[in-house]
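K.L.:
Take this structure, written in structure tokens, and hold onto it; I'll ask about it next.
Since every read-out is calculated from the coordinates, none of them should be taken as a lab result. Please read these numbers as outputs of a predicted model, since none were measured by experiment. Counting neighbours? That spans all protein chains shown, and the Cβs are built from the backbone with ideal geometry, glycine included.
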């Protein structure tokens, strides 16, 4: 299988600076299974990189290797030039600069929504409780959940829980956000509100790596698409190239399996109901 | 058969003092055995193999042998073999605490291991250290989850304190059995003893049930 990395007509976003995250021949084995068989690609600052491909192709594993929740068996992951898996690296310092959003939300069920968002800053950044609560409240308002601050996660819908999880990750003011299939566990009617929050985050210029099966989102919001299969990157490029003229048969098979036949979708197709409440642009940071 | 309940009434202050000793032993033992059990549970989850297996042996010894034997052993062997001389009360407390800590450690360990790995990942991904995740995320959830099990250990402990009467600690059982042998009013004294245990034990069980309902975390 050849890997095409054609120079796009427009330069890739952030390509004038060093990449924030780079994966260099990353290998990961589970017993005899090569979950990752030499994965190489980069994420530039300000980019939204979408990882797509069949289930079990290694996308989520790669994301977990990015912040050292999983160890690797070969290759390197560099975050802002520092080797994430080097024994001398303090993984905690790198992790707090990478916000992570999980498929199953993983909110802390014993804490209120507000404390779910504030617990990172108070525990890790040693921020005073009042300041952390104020920051948490601001973020909850941004994701449209200011009125849920005092609730416990169990009282929220899946979409609301995932928005809290996004706010929790943002509370650490990360340089890059990692999304691991953030809408796969959601009811169809709440997927939109989560994608909408993510799109606005992208519009603000947040660097994002998104493992997703939402092809509309990948095409409309993604700046760079990486296609995985059997633990390898089989194709990568800007969305127009990957979705409209995939060079690899495997990519074509995968997309057609999802019912994607290369047609252009109207911009309104990504239209997702805005979450109740506003999501203002950040005024200060 | 004629019953003479005046035996119970006449000895009421002794019985009450015995009941106080029973409560005192239960409360102090549990106050020590909760942190004790937690520490043992954390040691059993240690990354160091030697620490893990030493703790496992300790816990399994106290779980696999009868409490009455443990109390006897501490009463006779500690002074004879190690020249450690403790009062009867301290000996009783030590035996109960080691025993209940061992049971509590298994309860805590089960609770900690029942929390899904995703909760660890969520804490670590925020940049927390493992001890921070344990303290802020895992233990609060695990403790709430095992509260009913800790409660039934508490109620068992409350009843098991009666075993310390064998080394002459003046708890409710010791006092009641002594009154029985002084007066030969077996039926009255044992019935009063049963009533006193039940009166004290039932509210404790109910209180913990109530706590559990109140603190319940839904997912």
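K.L.:
Can you give the mean number of other chain Cβ atoms that lie within 10 Å of the Cβ atoms in peptide A:101-109?
P.N.:
If you average over the peptide's residues, the count of other-chain Cβ atoms is 5.
K.L.:
Compute a Gaussian network model of chain A, connecting alpha carbons closer than 10 Å, and tell me which residue from A:144, A:31, A:159 fluctuates the most.
P.N.:
Top of the fluctuation ranking is A:31.
K.L.:
Is there a simple number for the mean count of other chain Cβ atoms within 10 Å of the Cβ of residues in A:118-127, and what is it?
P.N.:
The shielding value for this peptide is 3.
K.L.:
Using the alpha-carbon atoms, what tilt in degrees (0 to 90, nearest 10) does helix A:188-203 show relative to the longest principal axis of chain A?
P.N.:
It is inclined by approximately 90 degrees.
K.L.:
Can you give the direction-averaged projected area of the convex hull of the alpha-carbon atoms in the stretch B:132-172, in nm²?
P.N.:
Across all orientations, the stretch B:132-172 yields a mean hull projection of 4.1 nm².
K.L.:
So, one more: Helix A:113-124 sits at what angle to the longest principal axis of chain A, using alpha carbons and giving 0 to 90 degrees rounded to 10?
P.N.:
Once rounded, the angle reads 80 degrees.
K.L.:
When the helices in the protein assembly as shown are scored as -39500 (n - 2.57) per DSSP H run of 4 or longer and the sum is shared across all residues, what 222 nm value do you end up with, to the nearest 500 deg cm²/dmol?
P.N.:
-16500 deg cm²/dmol
K.L.:
Based on the Kirkwood radius over alpha-carbon pairs, what value in µm²/s does the Stokes-Einstein equation return for the translational diffusion coefficient of the protein assembly as shown at 20 °C and 1.002 mPa s?
P.N.:
D = 80 µm²/s.
K.L.:
Using a 10 angstrom cutoff on alpha carbons, build the Gaussian network for chain A and name the most mobile of A:193, A:181, A:244.
P.N.:
Comparing A:193, A:181, A:244 in the GNM, the peak value goes to A:244.
K.L.:
Counting just the Cα atoms, what span does the stretch B:88-132 cover along each of its three principal axes? Round to the nearest Å and put the largest first.
P.N.:
Principal extents (largest minus smallest coordinate, Cα): 51, 18, 7 Å.
K.L.:
Take each of the peptides A:196-206, A:59-69, A:101-111, average the number of other beta-carbon atoms within 10 Å over its residues, and list them starting from the highest.
P.N.:
Result, highest mean first: A:59-69, A:101-111, A:196-206.
K.L.:
At q = 0.15, 0.16, 0.18, 0.20 Å⁻¹, what is the base-10 log of I(q)/I(0) for the stretch A:100-251 according to the Debye formula with one equal point scatterer per Cα and no solvent? Please give it to two decimals.
P.N.:
Each listed q corresponds, in turn, to -0.78, -0.86, -1.03, -1.20.
K.L.:
Moving on to the next point. Per residue and in cubic angstrom, what volume does the convex hull of the Cα atoms of the stretch A:44-166 have?
P.N.:
Enclosed volume per residue, from the Cα hull, is 145 Å³.
K.L.:
Based on Cα positions only, what radius of gyration and what Dmax would you give for chain B, in angstroms?
P.N.:
20.9, 75
K.L.:
Further question on the same structure: If you average the C-alpha positions of the stretch B:1-56 and of the stretch B:170-192 separately, how far apart do those two centres end up, in angstrom?
P.N.:
21 Å
K.L.:
Express in % the proportion of alpha carbon pairs of the stretch A:164-250 at distances exceeding 22 Å.
P.N.:
31 percent
K.L.:
How many percent of all Cα-Cα pairs in chain A sit more than 36 Å apart?
P.N.:
14 percent
K.L.:
Considering only A:40, A:183, A:212, give the residue with the highest GNM mean-square fluctuation for chain A, with springs between Cα atoms whenever their separation is below 10 Å.
P.N.:
A:40
K.L.:
Roughly how crowded by other chains is peptide B:111-117, in terms of the mean Cβ count from those chains within 10 Å of each of its Cβ atoms?
P.N.:
That works out to 1 on average.
K.L.:
Moving to a separate point now. Give the peptides A:82-93, A:127-138 in descending order of average Cβ contacts within 10 Å, highest first.
P.N.:
A:127-138, A:82-93
K.L.:
Could you give the angle, 0 to 90 degrees to the nearest 10, between helix A:129-142's Cα long axis and the longest principal axis of the Cα atoms of chain A?
P.N.:
The two axes meet at around 60 degrees.
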